[in-house]
Every structure is written in structure tokens, then in C-alpha cells.
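Enquirer: The following block contains the structure, expressed as C-alpha cells.
A short reminder: the numbers here are calculations on the coordinates, not readings from a lab. Bear in mind the structure is a predicted one, so any value in this text is a computation, not a measurement. Glycine gets a Cβ as well: all are built from the backbone with ideal geometry, and neighbour counts include every protein chain shown.
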Amino acid sequence: MEEKLVGTLYIVATPIGNLEDITLRAISVLKKVDLIAAEDTRHTLKLLNHLEISKPMISYHRHNEEARSDSLIQELKEGKQIALVSDAGTPGICDPGEEVIKKCIEENIKVVSIPGACAMINALIISGIDTKEFTFFGFLPLHKKLRKQKLEEIKNSTKTLILYEAPHKLKNTLNDLKEIIENRKVVLARELTKIHEEYIRGTIDELIQKVDNIKGEIVLIIEKNNQTDENRFKDLTLEDHYAFYEKQGLPKKEIIKKIAKDKNVSKNEIYQYFISPQ
Ligand code: SAM
């Protein structure tokens, strides 16, 4: 019986600045594959030259992801071993990759992840901010309504937050964040693994003062919102809790409903407290 050829797609992480941050496994995969699909072939050529690897390359970027995925799937079905790389770091993380991976899964084609550098993880781990639970937002959308929605999520998030940002948009983003994150800690990680690697830590106001003319690649790590409703009201007397909502102009009925919800007790219990003589 004729042996069926099986191709494999390797998702290979590459350095995010320092060319030494490539794993031995990544090098051996890049050496053995038949073809490398690269976000920008000229960019990847520099890495391959540094590693003294010579391989056929094909572009796979945001604008041809859909069509190129189909042709890669075809080659994988013919038994080719293909590596997918982006310009820097881990493919699929704010970089192309997702499309062809989904198609491989649909077509039962083996996909192997070759781990390596990823800016958000490296920024997070030495930020000094809680690493137990976090949300990665990538780049904030520029579309006004979508951006507003994301900012609202950031405002209420009880997990550490990670954002990518371009230097020329940073000031604008920090000013938007200023409205919502008050005194939460922020860490700006810049130029990771490169000569000018730097961590700037502080509150959002402090950061805004420090980032004039900042250059390079940037990750922002934001402390979670510790002021959840549960924390905010925990130590308040019922009278102060009432006053908090009264100041917002809410009617009595609504205030009682809200306090009951915050305290996880029945509305009647709160109502009785306020009508019974103190
Ligand atoms: N796939 C990449 C990864 O694994 O991190 C991310 C690619 S995304 C197009 C590029 C963004 O990642 C940059 O704008 C910056 O926010 C972040 N980034 C990439 N390299 C970085 C570095 N050396 N230092 C800080 N941030 C970096």
C-alpha cells in the first residue's frame, strides 16, 4: 500500500530583538523544513542569514492570510514540512498565524508549536504586578465605540491587564487610561531584550510625565482593579453605603436595591433596617 505523505506545520517563535533568543529546537526546525512562511520574507531573511540557514520562503501576512492559507494547506497535504514565522516573537499573538492553524485543525493536519519569545509574557513576568491571572488586550482598537468598550473592560477588570502600543499612539492611550484607572500601578516595558531595554513604573500620572518622545516597542502592564464593589463597600456602615448612592441622586427604592445586591442580602432586610427606629 502506498504510504500517505503527512505534512506538519511548525509555528516557530523567533526573537523579539535579541537574535540570541532563538531556541535550539527552533533552529533545527527551520533547518529541516521544506518551506518557511514568513510575515515579511526580507525581515526573516536577516534571521536566516544570521543562523546560516538557506530555505525557500513564501510570504504569509495580514493581507494574504486567507488565500495563502489555502495554498499552504495544499502543500501540507502533499507532505511538505512548513515553518510559519512572524517578524518577531510568537506567531498568532498580534501577528498572522491564526487562519492557517484553524484550517490545519479542520483538515486534520498536524500543527506543532515551537515555543520562544513573546513580548507580553516577558513584560509581565518582571513587571512586579500580579501574574496569577491576566487579560491580554493586544492593541486597543482605534474605532471610537470599540475603544470605549475595551476601556470599560479595563476599568472593571479584576485581573492584571496587558496592552501593546506603538510609541506615537502612547500618549493618547495613556490619557484615555487616565480617565479610568486612577491610582492603579502601571508598568511600561520598552525595547525588551534590546540595548535600550527599560521598565518605567508608576501611576498613570507619573508615566504621562515620563514618556515624552518615547521611542521603541512598548508593552503596558496595568494592575487589576482592586476596588471591586465588594471591597469598596465592605467596611462602610449601612448609613455611609446609603449616602454613597444618595450622592449619585438615586431614589430610595433604587438605593435599597443596590445595597442589598452589594451585600448579597434581601431587599427587605435593608428596607427593614432603614424604616425601623435606630
Ligand atoms: N508576536 C509578537 C509577540 O509575540 O509579542 C507581537 C507582535 S506585535 C505586531 C508588535 C508589538 O509587540 C509591538 O508594537 C510591541 O507592543 C510588542 N513588542 C514586540 N517586541 C517588543 C519588544 N522587544 N519590547 C517591547 N514590546 C515589544
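Enquirer: Could you grab me the full set of residues in segment 97-110 that are buried (at least 17 other Cβ atoms within 10 Å of the Cβ) and in contact with a strand residue (DSSP E or B) (Cβ under 8 Å, 6 or more places away or on another chain)?
Expert: Gly97, Val100, Ile101, Cys104, Ile109, listed by residue number.
Enquirer: Taking the criterion of being more than 15 Å from the ligand (Cβ to nearest atom) and free of Cβ contacts under 8 Å to residues at least 40 places away in the same chain, would at least one residue in segment 184-198 satisfy it?
Expert: Within segment 184-198, not a single residue is more than 15 Å from the ligand (Cβ to nearest atom) and free of Cβ contacts under 8 Å to residues at least 40 places away in the same chain.
Enquirer: For segment 86-120, give me each residue that is touching a residue at least 40 places away in the same chain (Cβ under 8 Å) and of a type in the set (Lys, Arg).
Expert: Listed by number, the list holds a single entry, Lys110.
Enquirer: Across segment 43-96, which residue is nearest to Ile27 (Cα to Cα) among those that are within 16 Å of the ligand (Cβ to nearest atom) and among the charged types (D, E, K, R)?
Expert: So the residue we want is Lys46.
Enquirer: Would you say Ile214 is aliphatic (A, V, I, L, M) and either assigned to a loop (DSSP other than H, G, I, E, B) or in contact with an Asp or Glu (Cβ under 9 Å, 6 or more places away or on another chain) (or both)?
Expert: Spelling it out, Ile214 is indeed aliphatic (A, V, I, L, M) and either assigned to a loop (DSSP other than H, G, I, E, B) or in contact with an Asp or Glu (Cβ under 9 Å, 6 or more places away or on another chain) (or both).
Enquirer: To continue, here is another question. Taking the stated definitions as given, is Cys118 within 12 Å of the ligand (Cβ to nearest atom) and in contact with a Ser or Thr (Cβ under 6 Å, 6 or more places away or on another chain)?
Expert: Here the answer is yes, as Cys118 does meet what is asked.
Enquirer: I need every pair where a residue in segment 135-147 that is surrounded by 14 or more Cβ atoms within 10 Å (Cβ to Cβ) has its Cβ under 7 Å from the Cβ of a residue that is in a helix (DSSP H, G or I) and among the hydrophobic types (A, V, I, L, M, F, W, C), sequence separation at least 6 or different chains.
Expert: Phe136/Met120
Enquirer: Same structure, new question: Among (1) within 30 Å of Leu72 (Cβ to Cβ); (2) under 18 Å from the mean Cα position of the chain (by Cα); (3) within 12 Å of the ligand (Cβ to nearest atom), there is one condition Leu163 misses while meeting the rest; what is its number?
Expert: Against the list (1) within 30 Å of Leu72 (Cβ to Cβ); (2) under 18 Å from the mean Cα position of the chain (by Cα); (3) within 12 Å of the ligand (Cβ to nearest atom), Leu163 comes up short only on (1).
Enquirer: Tell me which residues, restricted to segment 233-250, are more than 15 Å from Ile275 (Cα to Cα), free of Cβ contacts under 8 Å to residues at least 12 places away in the same chain and either surrounded by 13 or more Cβ atoms within 10 Å (Cβ to Cβ) or not polar (S, T, N, Q) (or both).
Expert: Lys234, Asp235, Leu236, Asp240, Ala243, Phe244, Glu246, Lys247, Gly249, Leu250, listed by residue number.
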